[in-house]
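Trainee: So that we are looking at the same thing, I have put the structure below in structure tokens.
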2 protein chains.
Amino acid sequence: MAEQADVLRRTPLSRDRILRAAVALADATGIESLSMRNLAQDLGVVPMALYKHVANKDELLDGMIDVVVGEIDPPVPDADWKRTVRLRVLAARRALSRHPWAALAIESRNTATPGVLAYLDSTVGVFRAGGFSTDLTHHVMHAMGSRILGFSQELFDAARRAGRSGATGPEPAAAFPPEAAARFPHLAAIAGAASHDEASVVTPGCDDQFEFEFALDLLLDGIERLHRQDWTSTGRAS
Amino acid sequence: MAEQADVLRRTPLSRDRILRAAVALADATGIESLSMRNLAQDLGVVPMALYKHVANKDELLDGMIDVVVGEIDPPVPDADWKRTVRLRVLAARRALSRHPWAALAIESRNTATPGVLAYLDSTVGVFRAGGFSTDLTHHVMHAMGSRILGFSQELFDAARRAGRSGATGPEPAAAFPPEAAARFPHLAAIAGAASHDEASVVTPGCDDQFEFEFALDLLLDGIERLHRQDWTSTGRAS
DNA sequence: ACCTGAACACCGTTCAAGT
DNA sequence: ACCTGAACACCGTTCAAGT
């Protein structure tokens with residue numbers, strides 16, 4: 001770590017080098033412990049040196065987001081809009097999964113970065129090429145929400161960690177704790193219901209990838225149905 | 001503001017009074033400017049006095065979340081699970097909408113609060129009472145994601161603010177800016193496509209409530225279809 | 001025993017002094 | 001002209017000194 005900093009010290013700073021170091025630091029220690037001072041130290045540089053290349057911390061975060069979004073595999077041309085969207089979303093999920101802080105960072109910024117806009121634009125293009133009206137495409141993009149970028153909101157996942165004390169850093173989701181099970185019987189009943197393979201009796205947690213694809217397909221199937229019946233917002237043909 | 005603090009100064013501090021003041025402060029000035037020092041000043045109290053009632057800032061945030069979740073109208077008994085879920089989710093949306101900081105706060109905490117767990121538990125109960133298997137209920141809860149608490153992820157919304165400079169504080173979503181329209185033609189094409197009423201030509205933004213209900217119904221319709229065909233995770237009957 | 005001021009270990013960022 | 005140390009205005013939280 002220290003000798004690496006020594007090696008890098010003489011190579012000149014650049015926006016790109018700063019962004020890559022910031023991503024690596026957030027990957028390693030979490031976004032909440034990423035600070036300008038901290039990042040500067042990793043780069044063997046005085047904190048103020050960073051401000052030559054990024055205006056402030058918000059711009060740094062925007063840049064980091066676009067590094068991650070830039071890792072998403074380009075779309076594979078396919079006649080079928082549904083398969084194209086599905087593969088691209090799963091590619092986004094792979095990229096975002098490599099950087100666990102990225103999803104929350106994207107949601108926290110109240111303005112989309114150029115990289116996110118480019119991604120959304122190309123995805124809209126897939127729907128349009130598939131024959132979707134601008135009207136339906138608009139609503140469909142809203143309905144997909146952040147799922148279009150490969151992440152869901154982890155709200156329900158947080159319940160699996162309900163009894164966790166958070167002392168020993170990140171760890172796999174624990175089983176639903178007994179005292180919570182008594183107070184929340186319905187949650188306890190379904191917590192163990194998703195053992196997709198019989199071997200996972202000890203850790204009854206569910207398969208995140210399965211859940212994601214389940215929700216994605218639920219949405220895509222519904223979208224396909226609306227598209228087939230030429231749905232418009234003025235008169236629902238349901 | 002100052003005379004209000006004077007009046008409150010002699011009424012004794014309590015966890016409840018702290019939480020309500022924190023919610024009010026976050027509502028008024030945003031969650032990012034809520035600090036312990038700041039909140040203490042609003043209460044006419046020295047910062048350290050707060051620590052008698054909340055262990056730390058994280059616990060304060062958890063308490064604030066449960067104040068908001070506690071404002072959700074209780075479920076209305078109805079024979080129809082679909083209508084029950086729909087009404088409850090829309091009730092959650094109304095409560096969360098009154099506190100714009102709450103959605104992100106809930107997502108940021110990596111453990112569910114007791115109030116959120118209670119809400120999820122009762123919602124699971126609605127599905128179970130409607131005849132859903134534990135298996136399907138589990139996946140369905142994941143698929144709904146944070147939408148079950150009445151908020152979506154605003155990812156696509158951020159695109160509408162793409163050209164915004166953020167200088168003058170919170171403001172309604174601006175029209176898609178011209179220079180962005182050139183770079184992201186597909187987004188520009190659908191940005192204006194959602195004028196639900198003809199009067200909104202000047203501000204072509206879309207109707208958030210419509211988009212939310214569109215997505216909610218898309219999910220509920222898909223869920224109903226799976227339920228009708230007795231879907232199980234082992235053999236998809238699609 | 002309770003309360004609280006000062007202090008500690010941090011932040012992001014400004015700015016003026018150094019080269 | 002460029003770089004950077006010190007400083008400013010904040011944080012959350014600890015702790016010891018006061019009552």
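Since every read-out is calculated from the coordinates, none of them should be taken as a lab result. Note that the structure is predicted; figures quoted are calculated from it, not measured. Methodologically, a virtual Cβ is constructed for each residue, glycine included, from the backbone with ideal geometry; neighbour enumeration extends over all protein chains shown.
Trainee: List the relative contact order of the stretch B:30-126 as a percent without decimals, with contacts defined as Cα pairs under 8 Å and 6+ residues apart.
Mentor: Over the stretch B:30-126, the number comes to 28 percent.
Trainee: List the distances, in nm to one decimal, from the label point of B:Thr232 to the label points of the same position in every other copy, shortest first, placing each label point 7 Å from Cα along the Cα-to-Cβ direction.
Mentor: Taking the point 7 Å beyond Cα along Cα→Cβ, the inter-copy spacings are 4.5 nm.
Trainee: May I ask for the equivalent-ellipsoid semi-axes of the stretch A:1-138, computed as the square root of five times each C-alpha gyration tensor eigenvalue and listed largest first in whole Å?
Mentor: 35, 15, 12
Trainee: Can you list the distances in nanometres, one decimal and ascending, from the B:Ala182 label point to the identical position in each other copy, with the point 7 Å along Cα to Cβ?
Mentor: 6.7
Trainee: Add +1 for every Lys or Arg and -1 for every Asp or Glu among the other residues with Cβ under 12 Å from the Cβ of B:Leu39, and state the total.
Mentor: Combined, the nearby Lys, Arg, Asp and Glu give +3.
Trainee: Give the average, rounded to an integer, of partner chain Cβ atoms located within 10 angstrom of each Cβ in B:100-110.
Mentor: Mean shielding count: 3.
Trainee: While we're here: For peptide A:63-75, how many partner chain Cβ atoms fall within 10 Å of a residue's Cβ, on average?
Mentor: 0
Trainee: Distances from A:Arg15 to the same residue in each other copy, label points 7 Å out along Cα→Cβ, in nm, shortest first?
Mentor: In ascending order, 4.9 nm.
Trainee: Still on this structure, please answer the following. Quick check: convex hull of the Cα atoms in the stretch A:2-68, volume per residue, rounded to a whole Å³?
Mentor: 79 Å³
Trainee: Another question, if that's okay. If you find the alpha carbon centre of the stretch B:206-232 and of the stretch B:77-141, how far apart are they in angstrom?
Mentor: Centre-to-centre (Cα) distance: 14 Å.
Trainee: In nm, what is the difference between 0.36 nm times the number of residues separating A:Ser35 and A:Arg15 and their Cα-Cα distance?
Mentor: 5.6 nm
Trainee: Would you tell me which residue of chain B has the beta carbon closest to the rotation axis bringing chain B onto chain A, and how many whole Å away it is?
Mentor: B:Gly222, 2
Trainee: How much net charge surrounds B:Asp73 when only other residues with a Cβ under 10 Å from its Cβ are counted (Lys, Arg +1; Asp, Glu -1)?
Mentor: Net local charge, B:Asp73 excluded: +1.
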